[in-house]
1. Might you let me know whether segment 21-29 holds any residue that is surrounded by fewer than 15 Cβ atoms within 10 Å (Cβ to Cβ) and acidic (Asp, Glu)?
2. Give the residue, chosen from 34, 16, that is outside any helix (DSSP H, G or I), touching a Cys at 6+ places or on another chain (Cβ under 8 Å) and surrounded by 15 or more Cβ atoms within 10 Å (Cβ to Cβ).
Amino acid sequence: MALSQELLDILVCPQCKGELELLGNSAALLCSPCRLKYPIRDDIPVMLVDEAEKIGQD
């Protein structure tokens, strides 16, 4: 079961309150400004900054 569009519309990044993008494989939500990837486990988004993966480290 995939995430509903209603849920995706209301979810925001817990760090910056910005919009999230569902990645193509539906395994994570991406916050571009924070460069954080929030995992989706068993169709449940894990919206904890401590659980997010930092992407594109400089």
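No lab work stands behind these numbers, since they all come straight from the coordinates. Computed from a predicted structure; not experimentally measured. Don't worry about glycine lacking a Cβ; one is built from the backbone with ideal geometry, like all the others, and counts go over all protein chains shown.
1. Yes, the conditions are met somewhere in segment 21-29.
2. Every option except 34 fails the conditions.
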